[in-house]
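Notes follow the structure.
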Amino acid sequence: MQRATIGVLIAIVSSCLGGSAAAVTRYLVGDADPITLAILRWGIGFLFVLPAALLTRAKFPQRGDWLSVAALGICFFGLFFVLYNIALGHTTAARASLALSTLPLQTMIVGALLGIEPLTMRKSLGVAIAMLGVFGALFAGLGEAPAGAWRGEVIMTGAVLCMAFYNIWSRPFMLRSSPLGFLSVGMGAGAILLIVIGVLTSRVAMVGHFTAAQWTAGIYLGVAGGAAAFILWVMALQRTTPTLVANTMTVNPIAAGLLAAQLVGEPITHAFDSIGRDRRSRNDTNDAAHQADYLSLRRTGDRLACQRWYIIRPIVSTRGSLSSPINLR
């Protein structure tokens, strides 16, 4: 099997783990702020990545590269994932992951602008086809998205630019060191900065109120969504081009949507009866009533209740009635 093919297969597994992390983040987002969630993901992740690097005697970046690698880590594991968590507070896991799937397009453009990865007709066509699917899915479900979901999708799309630069600029440093050594320094720099901010702002105190289920979710976020997903990601980047690796991000929404449907009851799709306009009218009336409930919660300033309202909002059935809300917590 060719080295590039192995790299793509590794990246697909990484993207699936990243999609599951988006669903877990949606589960926790009502009880923890974006910085706390990033601390959980990268603080726990770093506790697994560093020992793995030391046990395998991974080659760490050269001394002259440390500052650049640390800066990349702060930009990616710090800035990008705080914005990522903010975005997931506004939209569903599946739609946020669809916005995240613009990564191949942004990586291809950044690589071409920096003269690192030349554009080819084949590559451009492949990315264009993938992006048509992403944008088609986003716009097709626009009417069924939560109110204000576009804010989360815009934030996520903008944040992806950080990841595009990370993908492009990280490869030379990895080639001079090793995937685990490179990841340890970058993730460590991002995690340390997040922890310092969390301690100074007392945000880390939030985890003291976590239930056993929330701690389980937080540990999964760090081990699978933090350590495992990004060990595989940097291994993939070492074996093939950034655009090919980024293309696998299109499987991310599938994993996110399937798990979010189980964890927080996010509907995979809403189906309307194509011949029942009167049924749709009755559904609109019921939806207006539920929207009024949400606005009432907003007036009370209960942010957590608002988050739960989105999670347990009724799903329109094909028979024209509303299914019963499910208490998920």
Can you tell me which residue among LEU258, LEU263, LEU232 is under 21 Å from THR107 (Cα atoms), surrounded by fewer than 24 Cβ atoms within 10 Å (Cβ to Cβ) and of a type outside the set (S, T, N, Q)?
-> LEU232
Of the residues that make up the range 76-93, is at least one surrounded by 19 or more Cβ atoms within 10 Å (Cβ to Cβ) and without any contact (Cβ under 8 Å) to a residue 40 or more places away in the chain?
-> no
If we take the range 157-269, then helices (runs of 4 or more DSSP H) inside it with 2 or more residues that are more than 29 Å from TRP66 (Cα to Cα) and under 14 Å from the mean Cα position of the chain (by Cα) are 252-263
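Here is a yes/no grid of residues against (1) outside the structural domain of THR102 (by TED's automatic domain parsing); (2) at pLDDT 90 or above; (3) closer than 27 Å to ARG26 by Cβ:
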site	(1), (2), (3)
GLY158	no, no, yes
ALA164	no, no, yes
ASN167	no, no, yes
LEU175	no, no, no
LEU183	no, yes, yes
ILE192	no, yes, yes
ILE195	no, yes, yes
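Applying the selection to the range 103-121, what residues are of a type in the set (Val, Ile, Thr) and either under 17 Å from SER20 (Cβ atoms) or crowded, with 24+ Cβ neighbours inside 10 Å (or both)?
Residues of the range 103-121 of a type in the set (Val, Ile, Thr): 107, 109-110, 116, 120.
Within the range 103-121, just THR107 meets the criteria.
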Got at least one residue in the range 18-37 being over 16 Å from the mean Cα position of the chain (by Cα), at pLDDT 90 or above and within 19 Å of ILE219 (Cβ to Cβ)?
-> no
Is one or more of the residues making up the range 194-211 more than 21 Å from CYS16 (Cβ to Cβ), touching a residue at least 24 places away in the same chain (Cβ under 8 Å), crowded, with 21+ Cβ neighbours inside 10 Å and out of contact with any Ser or Thr (no Cβ under 6 Å at 6 or more places or on another chain)?
-> yes
Within the range 237-254, how many residues turn out to be crowded, with 22+ Cβ neighbours inside 10 Å and under 17 Å from SER184 (Cβ atoms)?
-> 1
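If only one of VAL160, VAL185 is in contact with a Pro (Cβ under 8 Å, 6 or more places away or on another chain) and closer than 28 Å to GLN106 by Cα, which one is it?
On the way: VAL160 fails: in contact with a Pro (Cβ under 8 Å, 6 or more places away or on another chain).
Just a single option satisfies the conditions, and that option is VAL185.
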Restricting attention to the range 145-178, which residues are crowded, with 24+ Cβ neighbours inside 10 Å and within 21 Å of LEU54 (Cα to Cα)?
-> SER170
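The values are calculated or read from the model by the stated rules, or taken from the named source; none is laboratory data. Please read these numbers as outputs of a predicted model, since none were measured by experiment. Neighbour counts run over all protein chains shown; Cβ positions are idealised from the backbone, glycine included.
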